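Presented below is the structure to which this report refers.
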Amino acid sequence: MTKKEFVDLYFAEGDFTTKAEAERKAVSFVNTIEKALSRGDEVSFLGFGKFKVIERAARTCRNPQTGEEMKVAAKKAVKFTAGKDLGLLVNKK
């Protein structure tokens, strides 16, 4: 789903007067999550899931084309864990 498709769905589901308003609020929501994660905070929505920052250790891997060993530096990554309600909704049959 592209950002445009998401905004269209968000506009249809939400209480907005225009699509531009829906897009501004969606962008503001995402920016707020990004700002919290960049500070190292967790963002948790009961029933939906949790975003948190994790540390990935440095490691050695292989280039699959050449077989040459490469070093990958340590870095931070964002991890999302789905909540119970979201998991049930996605697996509903």
Compute the acute angle (0 to 90°) between the alpha-carbon long axis of helix 3-13 and the principal axis of greatest extent of the alpha-carbon atoms of the chain; round to the nearest 10°. 40 degrees
Listed with the fewest Cβ neighbours within 10 Å leading, ASP15, ASP85 appear as ASP15, ASP85
Given (i) 17, 56, 26, 1; (ii) 14, 25, 32, 19, 9, 1; (iii) 15, 52, 28, 5, which label gives P(r) over Cα pairs in 10 Å bins from 0, in percent as computed from the coordinates? (ii)
What nm value, rounded to one decimal, do you get for the distance between LEU37 and LYS84 when each label is placed 7 Å out toward the C-beta? 2.5 nm
Could you give the length gained by full extension between ILE54 and ARG24, i.e. 0.36 nm per residue of separation minus their alpha carbon distance, to one decimal place? 7.9 nm
Please compute the contact order of the chain in relative form: average sequence separation of alpha-carbon pairs under 8 Å and at least six residues apart, divided by the residue count, as a percent. 20 percent
Given backbone amide H placed at 1.01 Å from N, residues whose amide H is under 5 Å from that of GLY49, ignoring those fewer than 5 places away on the same chain, are GLY83
Are any of the pairs LYS35/LYS92; LYS3/LYS35; LYS35/LYS71 more than 21 Å apart by Cα-Cα distance, and if so, which? LYS35/LYS92; LYS35/LYS71
Using the alpha-carbon centroid of each, what span in Å lies between the stretch 1-26 and the stretch 33-52? 21 Å
Quick note on PHE80, PHE6, ordering by fewest other C-beta atoms within 10 Å, gives PHE80, PHE6
Using the basic label-point model (7 angstrom from Cα toward the beta carbon), what is the GLU69 to ASN91 distance in nanometres? 4.0 nm
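Readers should treat all values here as calculations from the given coordinates under stated rules, not as data from a laboratory. Nothing here was measured: the structure is a model prediction, and the numbers come from that model. Every residue, glycine as well, gets a Cβ built from its backbone with ideal geometry; the counts of neighbours run over all protein chains shown.
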